[in-house]
1. Inside the range 103-154, can you point out the residues that are acidic (Asp, Glu) and part of a helix (DSSP H, G or I)?
2. Quick one: is ARG80 among the basic types (Lys, Arg) and surrounded by 13 or more Cβ atoms within 10 Å (Cβ to Cβ)?
3. For THR28, only one of the following conditions fails: (1) within 13 Å of SER102 (Cβ to Cβ); (2) among the hydroxyl-bearing types (Ser, Thr, Tyr); (3) loosely packed, with under 12 Cβ neighbours inside 10 Å. What is its number?
4. I need the full set of residues from the range 33-49 which are assigned to a helix (DSSP H, G or I) and either surrounded by fewer than 14 Cβ atoms within 10 Å (Cβ to Cβ) or under 19 Å from the mean Cα position of the chain (by Cα) (or both), in order please.
5. Given the criterion in contact (Cβ under 8 Å) with a residue 12 or more places away in the chain and at positive phi, identify the matching residue among GLY81, GLY93.
6. THR98 fails exactly one of the following numbered conditions: (1) part of a helix (DSSP H, G or I); (2) farther than 19 Å from VAL16 by Cβ; (3) touching a residue at least 60 places away in the same chain (Cβ under 8 Å); (4) not small (Gly, Ala, Ser). What is the number of that condition?
7. List pairs: first in the range 56-72 and aliphatic (A, V, I, L, M), second assigned to a helix (DSSP H, G or I), Cβ under 8 Å, 6+ apart or cross-chain?
8. Just to be sure before I move on: is LEU149 surrounded by fewer than 22 Cβ atoms within 10 Å (Cβ to Cβ), under 17 Å from LEU61 (Cβ atoms) and aliphatic (A, V, I, L, M) in the structure I sent?
Amino acid sequence: MHSKYFGKRGEGWVVVQFILFGLLILTTQYSFAELPSPVRYSGIFFLIIGGVFGTSGVVYLGRNITPFPRPRDSGTLITRGVYNHVRHPIYTGILFGTFGWSLIISNVIGLIVVLILFVFFDAKSSREEAWLEERFPEYLAYKEQVKKLIPWFY
């Protein structure tokens, strides 16, 4: 999406992200079907994995972290730790965590919102990666070796 609409640092992406989070929170009140217990309990696994990925992503980024998709001018490229398994572990953590939570509470509408979040994070991370490639020439080689959002798959 054109930076004209999303700002020089990607501010618009952050606004849309919070709107989607708000939508997800609103859907927690509605459950049209009770998911089977084993499916709901599997949500605990996804919630925990999401927490591990998201927290590890924040820790490894350290001072590089920014709410915006454009990397900091003073930032460095992080490819170790959880970034050795997935290029966007914070997004991965959010996706796995919200998926898990939606399973736990049988939030079928929430599962649809998680799918929308996946599409959104895929687009947002593509924009972020264009900026990362401009800033860090070695990012292209890293990108070829490490999956984007779902470890070992995508």
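Read-outs: derived from the displayed coordinates by stated rules, not from any lab. Keep in mind the model is a prediction, meaning the values are calculated, not measured. Virtual Cβ from ideal backbone geometry, glycine too; neighbours counted across all protein chains shown.
1. Just the residues of the range 103-154 that are acidic (Asp, Glu), to begin with: 122, 128-129, 133-134, 138, 144.
Once the filter is applied, which keeps residues that are acidic (Asp, Glu) and part of a helix (DSSP H, G or I), the range 103-154 yields ASP122, GLU128, GLU129, GLU133, GLU134, GLU144.
2. no
3. Against the list (1) within 13 Å of SER102 (Cβ to Cβ); (2) among the hydroxyl-bearing types (Ser, Thr, Tyr); (3) loosely packed, with under 12 Cβ neighbours inside 10 Å, THR28 comes up short only on (3).
4. The first filter runs over the range 33-49 and keeps only residues assigned to a helix (DSSP H, G or I), leaving 37-49.
SER37, PRO38, VAL39, TYR41, GLY43, ILE44, PHE45, PHE46, LEU47, ILE48, ILE49, listed by residue number.
5. On the way: GLY93 fails: at positive phi.
Sole residue among the options that is in contact (Cβ under 8 Å) with a residue 12 or more places away in the chain and at positive phi: GLY81.
6. (2)
7. VAL58/ILE90; VAL59/GLY81; LEU61/ILE90; ILE65/VAL58
8. Numbers: surrounded by fewer than 22 Cβ atoms within 10 Å (Cβ to Cβ): yes; under 17 Å from LEU61 (Cβ atoms): yes; aliphatic (A, V, I, L, M): yes.
For LEU149, the condition - surrounded by fewer than 22 Cβ atoms within 10 Å (Cβ to Cβ), under 17 Å from LEU61 (Cβ atoms) and aliphatic (A, V, I, L, M) - is met.
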